[in-house]
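Shown next, in structure tokens, is the structure this report addresses.
The values are calculated or read from the model by the stated rules, or taken from the named source; none is laboratory data. Quick caveat, the model's predicted, so the values are computed rather than measured. FYI the Cβ positions are ideal-geometry reconstructions off the backbone, even for glycines, and counts take in every protein chain you see.
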Amino acid sequence: MGIFDLIKQKSGIGEKVIDTESALMTLEDVVAPSAVKVQPRSINVSGQNARVFFTVSYPRYLNDGWLEPILNIEREMDVSIVIHPIDTAETLKKFQKKVAEVQSQINMNEEKGMVRDPQLEAAYRNLEDLRDKLQQAEEKLFDVGLYVAVYGANEDILNETESEIKGILDSRLVYLKPALFQQEQGFRSIIPTGTDELTVHSKFNSSPLSSFFPFTSFDLTSDSGILYGINRHNSSLVLFDRFALTNYNSVTFATSGAGKSYAIKLEILRSLMFGTEVIVIDPEREYEHLAEATGGRFFNISLSSSHHINPFDLPDPQEDEAPEDVLRSHIIELIGLFRLMLGGLSPEEETIIDQALHEVYALKDINGDADWKGLEPPLLSDFEMVLAGMEGSDSLIARLQKYTAGTWSGFMNKPTNVDIHQKFIVFSLRDMEDELKTIAMYIITNHIWNMIRRRLQKRLLVIDEAWWMMKSEDTASFLFSLAKRGRKYYLGIATITQDVDDFLRSPYGVPMITNSSLQFLMKQSATSIDLVQRTFNLTDEEKLLLLESNVGEGIFFVGLKHVAIKVIASYTEDQIITSDPSQILQIKQARAELQAAKG
């Protein structure tokens with residue numbers, strides 16, 4: 001009979017009202033199980049089987065974090081640590097008697113001429129040391145009970161979990177026993193009511209007791225590098241040098257406004273201080289102010305821009321490279337570019353383009369047997385002229401003309417006039433048409449790669465909104481090849497994206513992640529969090545952390561370790577790297593007022 005039935009009972013004749021105060025529901029009524037079945041080795045609470053254990057023995061030494069493997073296994077369980085302080089005065093009296101007994105035993109052995117007992121002497125030293133610390137209040141003694149409850153749908157699952165836990169603890173010389181015929185008392189000792197009905201205790205002083213602390217977090221740091229942020233668990237510094245890791249690449253995933261550009265700009269600013277050259281492909285013109293503040297170069301790439309890049313530029317062969325291999329590799333990259341520009345190519349069209357590329361370079365005396373240093377490379381219009389003289393090229397020419405003579409000819413059909421031999425370079429694509437952004441990113445990245453191969457220098461290439469390049473298989477494949485080959489040329493690739501689905505949907509998405517020593521996950525949207533959780537093997541707690549992260553917060557991965565991180569900048573750094581429109585407006589107004597005052 002429910003509570004409302006008790007309050008008001010209806011009969012066929014009328015209603016009978018009873019005392020409502022005696023029928024009020026209490027907190028105990030709410031949290032109490034509906035039924036409990038107690039067995040010698042287990043207890044069933046509301047249909048859920050449980051088995052409670054207590055710890056009976058510990059090793060002589062306990063390392064920090066020894067309990068962590070138990071807390072992190074993927075089993076349903078509860079752990080209760082009960083600590084009862086012991087009166088120091090009473091303990092010192094017992095210690096004095098125990099020390100006297102041990103000393104007496106040592107003296108008797110010496111009088112009998114027996115060989116000294118190292119174990120007995122070690123016990124004497126330990127007792128004396130602990131007694132001194134207790135007298136000086138450096139240590140205290142405690143009665144400590146460690147209770148573990150495991151849960152399962154049936155006895156087989158309980159037995160399986162018991163074997164797994166005992167196997168882990170036995171290897172650390174920590175031994176458990178089931179609370180035989182005391183499962184009810186054990187369960188009441190486990191639930192968070194602060195009661196200890198099992199009273200199975202071992203004595204610990206303060207130092208070894210600290211190893212029971214169940215919450216652990218990695219100190220994710222190295223001896224050198226730049227500051228990425230603060231560990232949110234223990235406020236330690238997250239300090240790393242990406243160029244000291246297995247590879248120099250990183251990926252950053254976050255929703256719009258989560259602070260991903262802010263975090264990478266902070267890394268750029270701090271990397272420049274350590275002599276790293278930085279090149280940024282910026283789709284939204286977010287890095288212009290940073291380039292101005294640091295004395296870098298800013299190139300605005302658009303159809304009407306005065307800055308041009310010729311995709312036919314060839315890198316100079318290095319000492320360990322054959323010219324024919326460099327030319328062949330570049331022609332393959334150009335075929336990928338034309339496949340992107342012309343909306344795909346048939347096998348016959350690829351063959352025609354391959355032949356035309358060899359011929360257009362030959363017209364400029366560039367071939368695999370010649371040294372082309374100082375020679376002028378062909379232009380896209382030269383390629384079109386060669387293509388016009390080949391049979392079966394009509395369709396190719398029709399599709400190519402918009403890049404050579406049409407509206408889109410301004411960007412790529414002129415000689416290169418950008419110089420990237422600077423400490424900090426930014427290529428902005430904000431004013432480039434969306435249809436051409438992927439093509440422009442491919443051309444710029446390829447040009448950067450050719451320049452990087454000429455001179456060995458520590459460099460960081462930042463590709464913001466990298467999902468643009470992941471949309472096409474050719475551009476994604478080229479980006480992946482850079483990530484794999486960059487280490488040879490002291491190059492780190494930092495890819496940033498807010499469109500996680502597009503990035504991971506590409507066949508090169510997950511390989512890009514696995515070829516990145518650093519991964520930074522910031523606030524995620526509810527639509528993509530499940531995909532991120534599967535990709536990075538996140539726990540449900542980490543998934544929730546990413547959904548609820550504030551600006552500049554997230555999870556930072558280095559290899560197999562990761563920590564919750566918060567990006568923090570100084571006031572001066574914040575003024576340089578901020579992307580907040582209100583802050584930028586205030587900075588511009590302050591500059592204008594300063595210039596007016598000087599004028």
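When Lys98 is evaluated against the numbered criteria (1) surrounded by 12 or more Cβ atoms within 10 Å (Cβ to Cβ); (2) without any contact (Cβ under 8 Å) to a residue 60 or more places away in the chain; (3) not in a helix (DSSP H, G or I), which criterion, by number, is the only one it fails?
Evaluating Lys98 over (1) surrounded by 12 or more Cβ atoms within 10 Å (Cβ to Cβ); (2) without any contact (Cβ under 8 Å) to a residue 60 or more places away in the chain; (3) not in a helix (DSSP H, G or I) leaves (3) as the failure.
Looking at (1) over 22 Å from the mean Cα position of the chain (by Cα); (2) crowded, with 19+ Cβ neighbours inside 10 Å; (3) within 25 Å of Leu303 (Cβ to Cβ), can you tell me which one Glu433 breaks?
(2) is the only condition that Glu433 fails.
Only residues in segment 73-92 that are acidic (Asp, Glu) count as the first member; pair them with residues that are surrounded by 12 or more Cβ atoms within 10 Å (Cβ to Cβ) and assigned to a helix (DSSP H, G or I), Cβ under 7 angstrom, at least 6 apart or cross-chain, and list the lot.
Asp78/Ile190
Just the residues that are farther than 23 Å from Gly554 by Cα and crowded, with 22+ Cβ neighbours inside 10 Å, please, taken from segment 284-298.
Listed by number, the list holds a single entry, Leu290.
When residues of segment 500-542 are filtered for being closer than 30 Å to Glu76 by Cβ and β-branched (Val, Ile, Thr), how many remain?
Let us first name the residues in segment 500-542 that are closer than 30 Å to Glu76 by Cβ, namely 519, 521, 523-542.
Checking which are β-branched (Val, Ile, Thr) leaves us with 527, 529, 532, 535, 539.
Within segment 500-542, residues that are closer than 30 Å to Glu76 by Cβ and β-branched (Val, Ile, Thr) number 5.
Being more than 26 Å from Ser189 (Cβ to Cβ) and in contact with an Asp or Glu (Cβ under 8 Å, 6 or more places away or on another chain) is the requirement here; does Val99 meet it? Working first, answer last.
Details: more than 26 Å from Ser189 (Cβ to Cβ): yes; in contact with an Asp or Glu (Cβ under 8 Å, 6 or more places away or on another chain): yes.
For Val99, the condition - more than 26 Å from Ser189 (Cβ to Cβ) and in contact with an Asp or Glu (Cβ under 8 Å, 6 or more places away or on another chain) - is met.
Please indicate, with yes or no, whether at least one residue in segment 230-251 is of a type in the set (Gly, Ala, Ser), closer than 28 Å to Met441 by Cα and touching a residue at least 60 places away in the same chain (Cβ under 8 Å).
So far as segment 230-251 goes, yes, one or more of its residues are of a type in the set (Gly, Ala, Ser), closer than 28 Å to Met441 by Cα and touching a residue at least 60 places away in the same chain (Cβ under 8 Å).
Only helices (runs of 4 or more DSSP H) wholly contained in segment 305-395 count here; list those with 3 or more residues that are closer than 23 Å to Arg453 by Cα and in contact (Cβ under 8 Å) with a residue 12 or more places away in the chain.
Fully inside segment 305-395 and qualifying: 323-341, 347-363.
Whether any residue in segment 271-280 is in a helix (DSSP H, G or I), modelled with pLDDT of 90 or more and surrounded by 22 or more Cβ atoms within 10 Å (Cβ to Cβ) is what I want to check.
Restricting attention to segment 271-280, the residues satisfying the condition of being in a helix (DSSP H, G or I) are 271-272.
Right, trim to modelled with pLDDT of 90 or more and you get 271-272.
From the residues that got through so far, the ones that are surrounded by 22 or more Cβ atoms within 10 Å (Cβ to Cβ) too are 271.
Looking for residues that are in a helix (DSSP H, G or I), modelled with pLDDT of 90 or more and surrounded by 22 or more Cβ atoms within 10 Å (Cβ to Cβ), one finds at least one in segment 271-280, hence yes.
Where residues in segment 568-587 are part of a helix (DSSP H, G or I) and out of contact with any helix residue (DSSP H, G or I) (no Cβ under 9 Å at 6 or more places or on another chain), which of them is surrounded by the most Cβ atoms within 10 Å (Cβ to Cβ)?
Restricting attention to segment 568-587, the residues satisfying the condition of being part of a helix (DSSP H, G or I) are 571-577, 581-587.
Cutting the leftovers down to out of contact with any helix residue (DSSP H, G or I) (no Cβ under 9 Å at 6 or more places or on another chain) gives us 571-572, 581-582, 585-586.
Details: Tyr571: 6, Thr572: 10, Pro581: 8, Ser582: 8, Leu585: 10, Gln586: 13.
Checked segment 568-587; the qualifying residue surrounded by the most Cβ atoms within 10 Å (Cβ to Cβ) is Gln586.
Exactly one of (1) more than 16 Å from the chain's Cα centre (by Cα); (2) in a loop (DSSP other than H, G, I, E, B); (3) surrounded by 15 or more Cβ atoms within 10 Å (Cβ to Cβ); (4) not assigned by TED's automatic domain parsing to the domain that holds Ile81 is unmet by Gly257. Its number?
If we test Gly257 against (1) more than 16 Å from the chain's Cα centre (by Cα); (2) in a loop (DSSP other than H, G, I, E, B); (3) surrounded by 15 or more Cβ atoms within 10 Å (Cβ to Cβ); (4) not assigned by TED's automatic domain parsing to the domain that holds Ile81, just (3) comes out false.
Consider segment 131-170. How many of its residues are in a loop (DSSP other than H, G, I, E, B) and either under 16 Å from Arg75 (Cβ atoms) or outside the structural domain of Val99 (by TED's automatic domain parsing) (or both)?
Pass one, segment 131-170, residues in a loop (DSSP other than H, G, I, E, B): 136-140, 153-154.
So of that shortlist, the ones also either under 16 Å from Arg75 (Cβ atoms) or outside the structural domain of Val99 (by TED's automatic domain parsing) (or both) come out as 153-154.
The total comes to 2.
Considering only segment 375-406, state which residues are over 18 Å from Leu340 (Cβ atoms) and hydroxyl-bearing (Ser, Thr, Tyr).
Of segment 375-406, the ones over 18 Å from Leu340 (Cβ atoms) are 375-379, 381-382, 385-386, 388-394, 405.
If the condition is that a residue be over 18 Å from Leu340 (Cβ atoms) and hydroxyl-bearing (Ser, Thr, Tyr), then Ser381, Ser393 are the ones that fit.
Starting from segment 571-599, take each residue that is of a type in the set (Ser, Thr, Tyr) and list its partners that are in a helix (DSSP H, G or I), counting only C-beta distances under 8 angstrom and pairs at least six apart or across chains.
Close Cβ pairs satisfying both conditions: Thr578/Tyr262; Thr578/Ile584; Thr578/Ile587; Ser579/Ser261; Ser579/Tyr262; Ser579/Lys265.
Considering segment 382-395 alone, what residues qualify as being over 18 Å from Leu345 (Cα atoms), modelled with pLDDT of 85 or more and not hydrophobic (A, V, I, L, M, F, W, C)?
Asp382
If a residue must be among the aliphatic types (A, V, I, L, M) and within 47 Å of the chain's Cα centre (by Cα), how many such residues does segment 368-396 contain?
Residues meeting the conditions: 4.
Among the candidates Pro69, Pro85, single out the residue that is of a type outside the set (Lys, Arg) and exposed (fewer than 13 other Cβ atoms within 10 Å of the Cβ).
Working: Pro69 fails: exposed (fewer than 13 other Cβ atoms within 10 Å of the Cβ).
From the options Pro69, Pro85, the qualifying one is Pro85.
Return a yes/no flag: does segment 155-173 have any residue that is at pLDDT 90 or above and either closer than 21 Å to Thr88 by Cβ or of a type in the set (Phe, Trp, Tyr) (or both).
For segment 155-173, residues at pLDDT 90 or above and either closer than 21 Å to Thr88 by Cβ or of a type in the set (Phe, Trp, Tyr) (or both): absent.
Can you pull out the residues in segment 387-411 that are surrounded by 18 or more Cβ atoms within 10 Å (Cβ to Cβ) and either outside the structural domain of Gly336 (by TED's automatic domain parsing) or of a type in the set (Ser, Thr, Tyr) (or both)?
Going residue by residue through segment 387-411, those that are surrounded by 18 or more Cβ atoms within 10 Å (Cβ to Cβ) are 387, 393, 396, 400, 403-404, 408, 411.
Ser393, Tyr403, Thr404, listed by residue number.
Being modelled with pLDDT under 85 and either in a helix (DSSP H, G or I) or farther than 30 Å from Tyr151 by Cα (or both) is the filter here; which residues of segment 71-95 pass it?
Of everything in segment 71-95, those that are modelled with pLDDT under 85 and either in a helix (DSSP H, G or I) or farther than 30 Å from Tyr151 by Cα (or both) turn out to be Leu71, Asn72, Asp87, Thr88, Ala89, Glu90, Thr91, Leu92, Lys93, Lys94, Phe95.
Just wondering, is there one or more residues in segment 396-410 that are of a type in the set (Lys, Arg), in a helix (DSSP H, G or I), modelled with pLDDT under 85 and farther than 21 Å from Asp282 by Cβ?
The first filter runs over segment 396-410 and keeps only residues of a type in the set (Lys, Arg), leaving 399, 402.
Next, from what is left, pick out any that are in a helix (DSSP H, G or I): 399, 402.
Remaining after also requiring modelled with pLDDT under 85: 402.
Keeping just the survivors that are farther than 21 Å from Asp282 by Cβ gives 402.
Within segment 396-410 (the criterion being of a type in the set (Lys, Arg), in a helix (DSSP H, G or I), modelled with pLDDT under 85 and farther than 21 Å from Asp282 by Cβ), the answer is yes, since at least one residue qualifies.
Where residues in segment 34-58 are in a loop (DSSP other than H, G, I, E, B) and exposed (fewer than 12 other Cβ atoms within 10 Å of the Cβ), which of them is modelled with the highest pLDDT?
Step one: filter segment 34-58 for residues in a loop (DSSP other than H, G, I, E, B), giving 34-35, 39-42, 46-47, 58.
This time we only want the ones that are exposed (fewer than 12 other Cβ atoms within 10 Å of the Cβ), so: 34-35, 40, 46-47.
Numbers: Ser34: 83, Ala35: 87, Pro40: 92, Ser46: 87, Gly47: 87.
Per the stated criteria, the residue is Pro40.
For Glu128, are the conditions met, namely being in the same structural domain as Leu67 (by TED's automatic domain parsing), surrounded by fewer than 13 Cβ atoms within 10 Å (Cβ to Cβ), in a helix (DSSP H, G or I) and over 47 Å from the mean Cα position of the chain (by Cα)? Spell out the reasoning first.
Details: in the same structural domain as Leu67 (by TED's automatic domain parsing): yes; surrounded by fewer than 13 Cβ atoms within 10 Å (Cβ to Cβ): no; in a helix (DSSP H, G or I): yes; over 47 Å from the mean Cα position of the chain (by Cα): yes.
Answer is no for this residue.
Checking Ser305 against (1) crowded, with 21+ Cβ neighbours inside 10 Å; (2) modelled with pLDDT under 85; (3) not aliphatic (A, V, I, L, M): exactly one of these is not met. Which one?
With respect to (1) crowded, with 21+ Cβ neighbours inside 10 Å; (2) modelled with pLDDT under 85; (3) not aliphatic (A, V, I, L, M), Ser305 is out only on (1).
Hey, does segment 111-118 have a residue that's surrounded by 12 or more Cβ atoms within 10 Å (Cβ to Cβ) and either touching a residue at least 24 places away in the same chain (Cβ under 8 Å) or not in a helix (DSSP H, G or I) (or both)?
In the first step, residues of segment 111-118 are kept if they are surrounded by 12 or more Cβ atoms within 10 Å (Cβ to Cβ); the result is 117.
Narrowing the set further to residues that are either touching a residue at least 24 places away in the same chain (Cβ under 8 Å) or not in a helix (DSSP H, G or I) (or both) leaves 117.
Yes: one or more hits.
Tell me which of these Ser549 doesn't satisfy, since it passes every other one: (1) over 19 Å from His233 (Cβ atoms); (2) touching a residue at least 40 places away in the same chain (Cβ under 8 Å); (3) of a type in the set (S, T, N, Q).
Checking Ser549 against (1) over 19 Å from His233 (Cβ atoms); (2) touching a residue at least 40 places away in the same chain (Cβ under 8 Å); (3) of a type in the set (S, T, N, Q), the one that fails is (1).
Which of the residues belonging to segment 452-469 are buried (at least 20 other Cβ atoms within 10 Å of the Cβ) and of a type outside the set (Phe, Trp, Tyr)?
Looking only at segment 452-469, we keep the residues that are buried (at least 20 other Cβ atoms within 10 Å of the Cβ), and these are 452, 459-469.
Within segment 452-469, Ile452, Arg459, Leu460, Leu461, Val462, Ile463, Asp464, Glu465, Ala466, Met469 qualify.
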